[in-house]
Amino acid sequence: MRVWKFVVGLGVLLVPFSWAQVEITVWHSVNDPALRQLIQGFNRAQDEVRVEEVYAGDHNELVTRLQAAVAARRQPEVVFLEVTRFGLFAERGVLERLEPYLRSDPALQADLLPAARSVSTYRNRTYVLPLVVVVPVMYYNKALFEQAGLDPARPPRTWGELEAAARRLSREGQWGVNIPGQWVRWAFVKQNGGEWIDEGGRVLINAAPSVAAYEYLLGLVRQGSASREAALKEDVGRQLFYAGRVGVTFDSSGNYGFYAQNVGFELGVAALPCQVKCAAPIGGTAMGMTAAAPPEKKRAAWAFMRYLLHPENNARLVTQSNFMPLRQSTLERPEVQAHFRTNPQWQLFNQQLKVAFPRPRPPAMPAIRLMEETVWQSMVVGQKTPRQALDDFAAEIRRLLAQP
């Protein structure tokens, strides 16, 4: 055995490896150039470990593909999973528990910011480390606001203001607002005092506050303030917004750079509107290693994960991809502070993070999230009322949660 000395930014990792190069594979669903550059940088910086990167599709496709790989005993050594979907693999023993590794680096865990820590555990055990943390925000077209007689410096702050603005922004071939995608629909439920599933495991998606949130969103479609087609297909709404045909849309803080570079109008960004309270779900991606990997590859996987979490590398994801800082030491870096000062949207992102909440991640959550899309569509097409659809959905969630 030898000790591998690998420089990670300004830090040094000391990890024992054999003389042969260790090859590991990472599966992910994060289509981000800065992250890809970090993976390539890891491979260039040393020759003891080589990481093969595999884009495994969107979040749902990655879950399906990983399940098949586990059944065939061909799983990767590292996997990047969306933060509500890893409980399935933790429960089934697919993911390695990370406490033994963290005990060798207590400073890392102590340095993680609260939002980053909140997405890392399942049943109070650590199976993953954060890689990406984002929050949803509201983007809006300042030119359309001015044309409608709305103040572009004061975007809607409440549900009532959003509905009123959407009416004024709507006309033939133009809509006031896009119905948010699923994770922001979750925010609307929470803002109204509702829940999908509470901390005790009670299913509350069909409780009155949750139903009222869906009724509010459906009402925007029925009054003509939101495109029915876009309400059924989130990508349609994005294209309408890019084309200047929608006044307000909702998306990730991590997509700010893409919006700023690709829209042909002055872009506004604001916090989500509030109702009973302000709330936004914590989104993002967590990274874990698979328990079936041999010890040599687990050591390589841990070194790779630590590399990605080094403050200098985390800072690159902050400044290049608008992902939230994961570590206090990242937050304190000069380039991050300079980025915050020169990019005013970060004040808004940090404000939104203060009201952000982690979401439950039971093993059934991947299936529950797939089902919610169908439930929402049944409301939009008029197949079921929100009450009927959510009563049926709640029954299905309870059935899924009862499964081993």
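The values are calculated or read from the model by the stated rules, or taken from the named source; none is laboratory data. Just so you know, these numbers come straight off a predicted model, no measurement behind them. Ideal geometry is used to build each Cβ from the backbone, glycine not excepted, and the neighbour counts take in all protein chains shown.
Of the residues making up region 135-162, those that are β-branched (V, I, T) and in a strand (DSSP E or B) are V137, T158. When every residue of region 237-257 is checked against the conditions, at least one turns out to be out of contact with any Leu (no Cβ under 9 Å at 6 or more places or on another chain), outside the structural domain of R50 (by TED's automatic domain parsing) and either part of a strand (DSSP E or B) or of a type in the set (D, E) (or both).
Filtering region 347-398 to residues that are among the polar types (S, T, N, Q) and either part of a helix (DSSP H, G or I) or touching a Leu at 6+ places or on another chain (Cβ under 6 Å) (or both) leaves Q347, N350, Q351, Q352, T374, Q377, S378, Q388. When Y307 is tested against (1) in a strand (DSSP E or B); (2) in contact with a helix residue (DSSP H, G or I) (Cβ under 6 Å, 6 or more places away or on another chain); (3) not assigned by TED's automatic domain parsing to the domain that holds W196, exactly one condition is not met: (1).
The residue that is farthest from R316 (Cα to Cα), among those in region 221-259 that are buried (at least 23 other Cβ atoms within 10 Å of the Cβ) and aliphatic (A, V, I, L, M), is A226. Residues of region 43-69 that are among the aliphatic types (A, V, I, L, M) and buried (at least 16 other Cβ atoms within 10 Å of the Cβ): V49, V51, A56, L62, V63, L66, A69.
Scanning for something closer than 30 Å to Q21 by Cβ and not in a strand (DSSP E or B), does region 217-226 turn up at least one residue? Working first, answer last.
Of the residues in region 217-226, the ones closer than 30 Å to Q21 by Cβ are none.
Within region 217-226, none of the residues are closer than 30 Å to Q21 by Cβ and not in a strand (DSSP E or B).
Take R74 and tell me if it is exposed (fewer than 14 other Cβ atoms within 10 Å of the Cβ) and either in contact (Cβ under 8 Å) with a residue 40 or more places away in the chain or within 20 Å of S252 (Cα to Cα) (or both). In short, no.
If you take the residues in region 86-134 that are among the basic types (K, R) and in a helix (DSSP H, G or I), which one is farthest from the chain's Cα centre (by Cα)? If we take residues in region 86-134 being among the basic types (K, R) and in a helix (DSSP H, G or I), then R103 is farthest from the chain's Cα centre (by Cα). Quick check, is E82 surrounded by 17 or more Cβ atoms within 10 Å (Cβ to Cβ), of a type in the set (D, E, K, R) and within 24 Å of V184 (Cβ to Cβ)? Considered against the rule, which asks whether it is surrounded by 17 or more Cβ atoms within 10 Å (Cβ to Cβ), of a type in the set (D, E, K, R) and within 24 Å of V184 (Cβ to Cβ), E82 comes out as yes.
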